[in-house]
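Reviewing the structure listed below.
What follows is calculated from the coordinates using simple rules that are stated; it is not laboratory data. All values derive from a computational prediction rather than experimental measurement. For neighbour counting, all protein chains shown are included, and Cβ atoms are generated from backbone atoms with ideal geometry for every residue, glycine included.
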Amino acid sequence: MSTPHSNEIMISIRPKWVDLIRSGQKTDEIRKTRPARLGETPFYRVYIYQTGGGGVVGTFILRKVTYVQAYVDTYGMKHLTNTIGLRHCIDDYELFEYLYNENVRKSAGWAWRISELQMFEKPMKLEQFGLKRPPQSWCYLWR
């Protein structure tokens, strides 16, 4: 029997990244995890919480994630895989540092593709989504 799940997510994003998303320059959000049932659920509605007290400023549809891997080869060279075509606005050094964990042979993350972006005219409060505080990264919404 499958467990019930929500197809709504709240994600916390810093103001500088929200501005790049709003302008259309950033269409992929890099995270170390992804929604567990993305293949079984046709899409997730993702609400954007702007950190620093900015409130819930918009929403997008998540239909696709891309696996991104960071590793060091036997010669000590740093590598990233599957980054071609992604528009995440992070330079390769920062992306590698964010994803790589020296205790894990191959470290990885996910690029969440932002589609059907809608920014709100007026930010909404977290309480309207049943949350008392923003998620550290992201969380499912149960309402």
Taking a straight Cα-to-Cα line shorter than 29 Å from K122, and setting aside same-chain lysines fewer than 8 residues away, one finds K16, K26, K64, K132
Sorted by chain and then number, the residues having a modelled amide H within less than 5 Å of the amide H of A108, at least 5 places away or on another chain, are A70
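If you keep only loop residues by DSSP, which GluC sites (Glu not before Pro) in segment 60-140 have at most 15 other Cβ atoms within 10 Å of their Cβ?
Numbers: sites: E94, E97, E102, E116, E121, E127; in loops: E102.
Here the GluC sites (Glu not before Pro) that fit, given the DSSP loop and packing criteria, are E102.
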Here segment 42-47 yields Karplus 3J(HN,Hα) values (6.51, -1.76, 1.60; θ = phi - 60°; whole Hz; Gly and Pro given as x) of x, 6, 10, 8, 10, 9
Here the net charge surrounding F43, from other residues whose Cβ is less than 14 Å away from its Cβ (Lys, Arg +1; Asp, Glu -1), is +3
Here segment 82-98 yields Karplus 3J(HN,Hα) values (6.51, -1.76, 1.60; θ = phi - 60°; whole Hz; Gly and Pro given as x) of 6, 9, 5, x, 7, 10, 9, 6, 10, 6, 4, 4, 4, 4, 4, 4, 5
Amide H proximity to I114 below 5 Å, modelled H, separation 5+ or other chain, gives D28, E29
Taking F120, F60 and counting other beta carbon atoms within 10 angstrom, the fewest-first order is F120, F60
extent check for the chain: Cα max minus min per principal axis, descending, whole Å, gives 52, 42, 26
Which residues qualify? For F43, with a placed amide H closer than 5 Å and at least 5 residues away or on another chain, they are none
Inter-part gap, Cα centre of segment 53-93 to Cα centre of segment 7-41, in whole angstrom, is 11
